[in-house]
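Participant: I'd like to ask some things about the structure below.
Please treat every number below as a calculation from the coordinates, not as lab data. Nothing here was measured: the structure is a model prediction, and the numbers come from that model. When we count neighbours, we look across all protein chains shown, and the Cβ atoms used for this are built from the backbone with ideal geometry, even at glycine.
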Amino acid sequence: MSDARTVQPGDRTLAYLTLVPSAALLILLSAVPTVTVFATAMQDVGLGALSGPWVGFENFIWALNNGAFWTALWNTFVWVFGSVAVEMVLGLGIALLLHQSFAMRGIARAILLAPYLVPTIVAVLVWRYMFHDIVGILNFFLMDIGVIDRPLQWLSSTSWAMVSVIIVGVWKFFPFVVLALLGILQSIPQEQYEAAKIDGASAFQQFWRITLPYVMPVFILTALLRTIWTFHKFEIIYLLTGGGPLDATTTLPILVYQKGFVDFELGRAAAIAILTFVILAALIAVYFLLMRRAESKQ
Amino acid sequence: MTVTTDTHIPARAEPRRHRQIDDVHYLANRVMIYLLALTAVTVVGFPLFWMVISSFKPGSELYVSPPTFLPNEWTLNNYRDLFVQTNFPVYFMNSLFVAGTSTALSLVIGGIGAYSLSRFNFFGIGSFARVALICYMLPEVLIVLPLYIYVIQLGLADTLIALIIANTAFTLPLALWFMRSYYNAIPMSLEESAMVDGCTRLGAMLRVTVPLAVPGLVSVGVFSFNHAWNEFLFALVFTSSESKKVLPLGLATWIGQDNIYSWGMLLAGAVLITLPVMAFYLLVQKKLVVGLSEGGAKGE
């Protein structure tokens, strides 16, 4: 008798044959490079060279004693927490809004989710045009309604560059939060609200006592996922400011790029990349932990 | 903010005064929802509206202050210039080739690999799935350094092949993990009955399971294509000559060169890069949203 649940004679062969290409590619493109990057970080790689003599942890010590590393770490935290906090609040608000029924909701939904689908280079180009000191619509609009009295240097002043970069990041990525939360909002059993209404609960009480607790696990997981992804975002900052002006928006990924492919010091770049990855790995570990707990609760 | 207005039922037997208060509440609620929706749509949608509108403005109007809202004169010159004066068509074909090939690779390789990840549980297959997920979370900026070393050593610098391989490193784990959960949701009993009827496991997989998984494959395909279409860091590090540039890199190098590449051309280019992505999205809208929201909930 054939039975799909037990291991059949040909199954092992089939499993190996189907998995070998995937395994080979993952090993060649992820595992081996990870080992290589550790090896590179332990070498004193000369300018423009690909390898060099072993120096142990010297590159790491160099990075930890370097002001640029700590500035980049601080910038990364500002960028990550600034973006994720606004994305989560905005995402929850818009998800609650789209959960209501109103005329033309489909169109509103499509427009509100569109920025997530727009390629990063497109988001960068249109925002650069809007941020432009002289011909940008943003300065014109803000001066017209009297919020500012002279043009802001959105991307080219040290005080505004990070704010500008966060604005673009939030615009581009908050729809992900909306999508994640809309899914869970739709799964809340309606009976809970009906029971609450019979008991005379106000709209705010319904939100606080039913909606929020129900949404919370997914909310936390989404926030963590956004944190991980925002942490190693490179192109959006690189294309908007290049890490500047000075080092105002130089996050860790930007610093890795500058060390590796502008200064051509691969050893030091690798050391910074690994330090970045260590922080990220801690976040990923928390994510897996929470995910497992959420799964076991279901 | 209330959560369920659509279930609002005015109580019939209540005194008249209560009903009036209820009606006022209801009306205020509706007005607020529409105001909020209108504000949100305007603020979020404006940059895209501005991009499209501005791409039809003649050069002189793009540089005036204060800006004109709607173009005084609509023109297609920006689009024409893009094709006549620049390498935009080359970039476009390169992007299409790179994104298409790496999507096909990850769909075929990941699509069959994920079947085994879903159906079998021997020889550490479970942990293989988890490793795939970790690979997906590796930051590009960590992987780009060693891949750069290999690319130089293998003589693949400034080739599209290097880009295809590097993109696959990120789209394959996604395909494996997503398709595994998709296969998990397809009942085993279907394969079982096929096997009772004399199909081999491979036959059951190819004739029963894979056809049922086509919607999942479509979603993965869209994600992979989108990822590769968007990818910038590998392109920036691996390629440099004009004939090998993909769209994001090509357009990025135009920024700030106002004397050659006007804002009009850049914005027209931006519109054209967005079109394929939007077309794909409209094709698979329903499936995509489900997939995305599941991804948010479970990190898949």
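Participant: Using the 2.2 N^0.38 Å rule of thumb for compact globular proteins, work out how segment A:49-184 stacks up: its C-alpha Rg over that value, please.
Facilitator: 1.42
Participant: Specify, per residue and in Å³, the volume enclosed by the convex hull of the alpha carbon atoms belonging to the protein assembly as shown.
Facilitator: Cα-based convex hull of the protein assembly as shown, divided per residue, equals 188 Å³.
Participant: If you don't mind, another one. Could you size up the charge dipole of chain B around its Cα centre, putting +1 on the beta carbon of Lys and Arg and -1 on that of Asp and Glu, and report it in debye to the nearest 20?
Facilitator: The calculated dipole for chain B is roughly 640 debye.
Participant: Starting from the eigenvalues of the Cα gyration tensor, five times each then square-rooted, give me the equivalent ellipsoid semi-axes of segment B:16-78, largest first, whole Å. Intermediate results must be reported in sequence, preceding the final value.
Facilitator: Details: eigenvalues 391, 19, 15 Å².
Those come to 44, 10, 9 Å.
Participant: How big is the charge dipole of segment B:82-232 about its Cα centre, in debye rounded to the nearest 20, if each Lys and Arg gets +1 on its Cβ and each Asp and Glu gets -1 on its Cβ?
Facilitator: I would put it at about 220 debye.
Participant: R0 = 25 Å: FRET efficiency of B:Leu76 with B:Phe49, Cβ-based, nearest 0.05?
Facilitator: 0.85
Participant: While we're here: Can you list residues whose amide H is under 5 Å from A:Gln43's amide H, if they're 5+ apart or on another chain and H is modeled 1.01 Å from N?
Facilitator: HN-HN under 5 Å from A:Gln43: A:Val55.
Participant: Next question, about the same structure. If you split all Cα-Cα distances of segment A:59-135 into 10 Å bins from zero, what percentages do you get per bin, shortest first?
Facilitator: Binned Cα distances yield the sequence 14, 24, 31, 19, 8, 3, 0.
Participant: Rounded to the nearest 500, what is the protein assembly as shown's calculated 222 nm mean residue ellipticity when only DSSP H runs of at least 4 contribute -39500 (n - 2.57) each, over all residues?
Facilitator: Value at 222 nm, helices only: -23000 deg cm²/dmol.
Participant: Hey, another quick one. Can you give me the Kirkwood hydrodynamic radius for chain A, using every pair of distinct Cα atoms, in Å to one decimal?
Facilitator: Taking the inverse mean of 1/r over all distinct Cα pairs, chain A comes out at 23.0 Å.
Participant: State the extension gain, in nm to one decimal, for the chain segment bounded by A:Glu194 and A:Asn66, taking 0.36 nm per residue of separation less the distance between their alpha-carbons. Write out the running numbers ahead of the final one.
Facilitator: Working: separation 128, 0.36 × 128 = 46.08 nm, distance 5.99 nm.
Full extension from A:Glu194 to A:Asn66 adds 40.1 nm.
Participant: For segment B:153-290, build the convex hull from the C-alpha positions and give me its volume per residue in Å³.
Facilitator: Details: hull volume 19.4 nm³, N = 138.
It comes to 141 Å³ per residue, whole-number rounded.
Participant: Positive end of the charge dipole of chain A (Lys, Arg +1 and Asp, Glu -1 on Cβ, about the Cα centre): tell me which of A:Tyr129, A:Leu283, A:Gly56 has its Cα farthest that way.
Facilitator: A:Leu283
Participant: Still on this structure, I have one more. At 1.567 mPa s and 4 °C, plugging the Kirkwood radius over alpha-carbon pairs of chain B into Stokes-Einstein gives what diffusion coefficient in µm²/s?
Facilitator: 55 µm²/s
Participant: Of the peptides B:63-73, A:175-185, B:97-107, how do they stack up when ordered by the mean number of other Cβ atoms within 10 Å, highest first?
Facilitator: A:175-185, B:97-107, B:63-73
Participant: Under unit Cβ charges (Lys, Arg +1; Asp, Glu -1), what dipole magnitude, rounded to 20 debye, does the protein assembly as shown have relative to its Cα centre?
Facilitator: I would put it at about 1120 debye.
Participant: Go through A:Trp229, A:Leu255, A:Gly146 and say which Cα lies farthest out towards the positive end of the charge dipole of chain A; charges sit on Cβ, +1 for Lys and Arg, -1 for Asp and Glu.
Facilitator: A:Trp229
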